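What follows is calculated from the coordinates using simple rules that are stated; it is not laboratory data. This structure is a prediction, so every number in the text was calculated from the model and none was measured. We place every Cβ from the backbone using ideal geometry, glycine too, and count neighbours over all the protein chains shown.
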Amino acid sequence: MNAGKSSVSEASSYEAMGDFWDTHDTSDYWDEVPSAEFDMDVKSRAIYYPIEMALALEMRAVAKRMGVSPKVLLARWVREKLSDEAREKTDEMVSPSSV
């Protein structure tokens, strides 16, 4: 911490600073803090799809029982389903059709 205390809260420790911001809103202090400019290049490597709340809650419960996060469980299930689909497609291509 510069000069022994923070600029807005005037706290002399990180704990005191945390206590201050637990009870104060930063929007009340915009004029007292220096502005900051920076560039960000956000490239998400994930695509998000909506899921019904009931399904999400059920999935969360299953994930908890399995000891994994819902994100890991969902990725695992999708991978398994895509693998099954690819296998079925391969089987259809090699087996003669009964037309």
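Worth pointing out:
- Note on ASP22 and MET40: the model spin-label points, each 7 Å out from Cα along the C-beta direction, lie 2.7 nm apart.
- Whole-number D in µm²/s for the chain (Stokes-Einstein; Kirkwood sum over Cα pairs; 37 °C, 0.692 mPa s): 165 µm²/s
- Spacing of the modelled spin labels on GLU15 and VAL62, each 7 Å from Cα toward Cβ, amounts to 4.6 nm.
- Simple spin-label estimate for LEU55 and TRP77 in nanometres, 7 Å along Cα-Cβ: 0.8 nm
- Using a cutoff of 8 angstrom between alpha carbon atoms and counting only pairs six or more residues apart, the relative contact order for the range 1-75 works out to 15 percent.
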